[in-house]
Number of protein chains: 2
Amino acid sequence: MPVLMNRPVFEQVLKENQLDGYVATTAESVTWLSGYWAMPQWIRRGPQAYAFQPLKGDAESFIVTGTGLLDHAAEQELYISAIHRYGFFSYESFEEGVGPEARLLRKMLQAPQHDGPAEALAAALKQSGMKGARVGIEVDGLAPGILERVRELVPGVELVRADGIAKKFRATKTPEEIARLRESGQIAERSIMAALDGVQEGESEADLARRFHTQTVRDGAFPVLGCIGFGERGALPNVDPSPSRKLKRGDTIRFDVGGRYRHYRADIARIAVFGEPTARAQQCHSAVQAGIERAYEVIRPGITGAMLFKEVMDAVRKSGLPHYKRNHVGHGIGLDGYEVPALTENSTDVLQPGMVMCIETPYYELGFGGFQVEDMVTVTETGVESFMTLPRDLIRCG
Amino acid sequence: MPVLMNRPVFEQVLKENQLDGYVATTAESVTWLSGYWAMPQWIRRGPQAYAFQPLKGDAESFIVTGTGLLDHAAEQELYISAIHRYGFFSYESFEEGVGPEARLLRKMLQAPQHDGPAEALAAALKQSGMKGARVGIEVDGLAPGILERVRELVPGVELVRADGIAKKFRATKTPEEIARLRESGQIAERSIMAALDGVQEGESEADLARRFHTQTVRDGAFPVLGCIGFGERGALPNVDPSPSRKLKRGDTIRFDVGGRYRHYRADIARIAVFGEPTARAQQCHSAVQAGIERAYEVIRPGITGAMLFKEVMDAVRKSGLPHYKRNHVGHGIGLDGYEVPALTENSTDVLQPGMVMCIETPYYELGFGGFQVEDMVTVTETGVESFMTLPRDLIRCG
């Protein structure tokens, strides 16, 4: 069974925070803590699904979900012991029928139906043995009023707001998470190459974006991030691919892109040039590339985000962009686009084996262009391993 | 300029709630209130961007955003009068350069840089003339601590939590919104037909999903919802297309699908059958289809969600599924997947011209299959207009 949750790290973070268990309420944390991916929770506001894991194995782990989302629980491999449902939803069932999902779903429908998510969560906490316990709860995903109602219903459980620690325990990835993130990153690479495949003068940014996202879909992922900018528009950090900006000889093409593969995000960047680069474009690219090359030399367990920031910034500045300034040279990535660690000037986050990060050195010069190399990597016991297969050099096309 | 905001409705809702202005904080409401689409706010947790509109035209409308997201403001057509930015972000700028975005961005960078979103929002409220005013604020999109900090900084502004009313004023769509929603729905239709084009025995649900999403991308939209289930798996409401379930002769194929086109969502459903339908499948489909045909007869301004619910349910029950049960027969749709009005048994929402709704009658029978017709429609002055071009009958393929 693919387990996303890193139990040793989870337990360590709970202990540091004197918590006996944790209730996840955001889509990302629920999936991580239980394996439960409740699609409606991911694609619109409102649907309430929660996951709980106790510190100790003698208490019961569970999910809370709407009756209408039980089908996901029947289809998916969950690593929790109980399912608590709320609200009415009509599944008809007349005959034994076929299919393992239907049989499992029928069984789940025999569990009691709570009125709402607060009632279900309160009952679940009681049943799991959390009376008298101190339980952390992620508030970010809760609908208004839920926290207060649960506190009323189970006054014996001390519910402590603890949003920040979910980011901490999600920072160090399991092998399953690393495999998905690697594939997600490599799908983004293939999508860049598909966007550039047969690229012609006069095509628009939107034309390339279409080829990019089509490859992402073909490889089983969902399009998410697709910044593709030509020439001077590459200097817009969040450039939205335009149908009217047409490719010209000598244009750089900045890709800052990535989809979602089995719920895990990609975020990588490469620069292509259509024809010959100018000397200045080559110089800018060499400088930002030097920053990433330096990152590969220095990343290892035990260094802080701040140390990595300094090394990377120095390398870019020494390699052709002495005035280079940045907020960060990267960030963790996982179920969400930005996770722990932060790679900023003052970051005290310590790199640990299993962390997955984007390392990046974007340079945006208004009226001229954007240059950026961004790789996805994981910290290993002894250093760093790249998820990337493409070279980091300027990509020549056309 | 494409304006998404419906000013008369906005003003009416503010007056009903005795508010002098409104601060939007979720991605959807910010886009609606200002035209500002801040991509990072849409694709990950954390980025803070806000939009404000006053009740009266003599106060100043504005957005608050991070310096790193100003490029969006330069590229997009906004209907606000001021931009307040916070935080450092490095755009280099050495020469006059080319491109209207770069010129505009340079100008925006001359505005003062506030420390953070709370400081920027407080300053903006002061500058806009909201001292002594009662201002509604959507709390759902705010990072922890922001509301408290803004209240400290501008004690003269009464900030009232008002999440629910954003849904009210977003319910009645402008012509621009209706045009986008129509196109979004029709892209979903074309994507269904692309998924079925050349469909063959032995193909998987995932194969059809790939063709579906590829067409969505080709038509300039982003994949979001893609429930495609064969035969008995069609009875899983949120079915996740499987690579292992292969299409067999006689299988029904349930599509409950839709992407996002220019930020506006689609959500439609059709049933296909690969080969000949069984009599029972035909009966189930006819019943759910009859519910939707009835909806087209009764939708008009002034009726409540509850009235529509009753008419549709009665029609399905009379047409072959006497035991039919449902929570709702549809919902509003717009920038989010579920909006006002609710079409439930007890809904007091009153249909108004310009509302856009999904009307749907899904029937899930475990071990047998799923049947569903779901159309996107808009309420007109005299009745209803469909966005759909496909017939609602069972689609024969193979």
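Data overview
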quantity: Three principal axis lengths of the range A:7-170 [C-alpha, angstrom, descending]; calculated: 51, 33, 32
quantity: Cα pair count fraction exceeding 17 Å, expressed as % - the range B:97-136; calculated: 50
quantity: P(r), alpha carbons of the range B:192-241 - 10 Å bins starting at zero, rounded %; calculated: 27, 53, 19, 0
quantity: Inter-site label distance for A:Q113 and B:K126 at 7 Å from Cα along Cβ, in nm; calculated: 5.5
quantity: The range A:305-398: proportion of alpha-carbon pairs further apart than 17 angstrom, %; calculated: 54
quantity: Inter-label distance for B:E152 and A:S81, nm, one decimal - labels placed 7 Å from Cα along Cα-to-Cβ; calculated: 4.4
quantity: Partners for B:K15 among lysines (Cα-Cα distance below 20 Å; same-chain residues under 8 apart left out); calculated: B:K56, B:K131, B:K167, B:K168, B:K173
quantity: Mean-position separation - Cα centroids, the range A:1-68 and the range B:32-109, in angstrom; calculated: 36
quantity: Solution diffusion estimate, µm²/s, Stokes-Einstein, the range B:83-237, Kirkwood Rh from C-alpha pairs, 10 °C, viscosity 1.306 mPa s; calculated: 76
quantity: Local electrostatic count, A:D115, Cβ distance below 13 Å [Lys/Arg +1, Asp/Glu -1]; calculated: +1
quantity: Counting DSSP beta bridges with both ends in chain A, the antiparallel % (nearest 5); calculated: 70
quantity: ³J(HN,Hα) computed for each position of the range B:87-93 - Karplus, 6.51 cos²θ - 1.76 cosθ + 1.60, integer Hz, glycine/proline x; calculated: x, 7, 8, 9, 10, 7, 7
quantity: Highest-MSF residue in chain A out of A:A295, A:A24, A:A74 [GNM, Cα springs under 10 Å]; calculated: A:A74
quantity: Within the range A:335-349, backbone nitrogen closer than 20 Å to the virtual label 7 Å beyond the Cα of A:A179 toward Cβ; calculated: A:335-336
quantity: Euclidean distance between Cα centres, the range A:247-285 to the range B:156-214, Å; calculated: 30
quantity: Principal axis dimensions, largest first and in whole angstrom, of the range A:33-106 by Cα; calculated: 42, 31, 19
quantity: Cβ-based net charge around B:A195, under 9 Å, with every Lys or Arg adding one and every Asp or Glu removing one; calculated: 0
quantity: Overall form of the range B:175-397 per C-alpha gyration tensor (a/c, 1.5; a/b vs b/c); calculated: oblate
quantity: Tensor-based shape of the range B:123-215 (alpha-carbon gyration tensor, a/c under 1.5 rounded, otherwise prolate or oblate); calculated: prolate
quantity: Burial order of peptide ranges A:283-290, B:2-9 (average beta-carbon count within 10 Å, highest first); calculated: A:283-290, B:2-9
quantity: Fraction in percent of alpha-carbon pairs per bin - 20 Å, chain A; calculated: 26, 48, 24, 2
quantity: Built amide H within the under 5 Å cut-off of A:V160, gap 5+; calculated: A:V135, A:G136, A:I137
quantity: Label-point separation, A:Q12 to B:A206 (7 Å along Cα→Cβ), nm; calculated: 3.4
quantity: DSSP-loop trypsin sites (Lys or Arg not before Pro) across the range A:227-298, with at most 16 other Cβ within 10 angstrom; calculated: A:K248, A:R249
quantity: Per-residue ³J(HN,Hα) for the range B:79-86, Karplus 6.51 cos²θ - 1.76 cosθ + 1.60, θ = phi - 60°, Hz, x for Gly and Pro; calculated: 10, 9, 9, 9, 10, 10, 10, 9
quantity: Where GluC sites (Glu not before Pro) in DSSP loops with at most 12 other Cβ within 10 Å are excluded, longest remaining stretch of chain A; calculated: A:202-380
quantity: Mean projected area (nm²) of the alpha-carbon convex hull when the protein assembly as shown is viewed from all directions; calculated: 32.0
quantity: Set of lysines near A:K246 by C-alpha distance (under 27 Å), chain-local residues within fewer than 8 positions excluded; calculated: B:K107
quantity: Gaussian network model of chain A, Cα within-10 Å springs - most flexible of A:S184, A:S90, A:S34; calculated: A:S90
quantity: 10 Å Cβ neighbours from other chains, averaged over peptide A:217-223; calculated: 5
quantity: Fraction of antiparallel bridges per DSSP, the range A:7-170 only, in percent to nearest 5; calculated: 35
quantity: Note, ³J(HN,Hα) from phi for the range A:362-374, Karplus 6.51, -1.76, 1.60, rounded to Hz, x at Gly and Pro; calculated: x, 9, 10, 10, 4, x, 10, x, x, 10, 6, 10, 9
quantity: Considering only the protein assembly as shown, percent of DSSP beta bridges that pair antiparallel, nearest 5; calculated: 70
quantity: Placed amide H near B:G330: partners under 5 Å, 5+ positions off or other chain; calculated: B:L343, B:E360
quantity: Sequence-separation-based contact order of chain B, relative, with Cα cut under 8 Å and 6+ spacing, percent; calculated: 14
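Where a number appears in this text, it was derived from the coordinates with a stated rule and is not lab data. Values in this document were obtained by computation on a predicted structure and should not be read as measured data. FYI the Cβ positions are ideal-geometry reconstructions off the backbone, even for glycines, and counts take in every protein chain you see.
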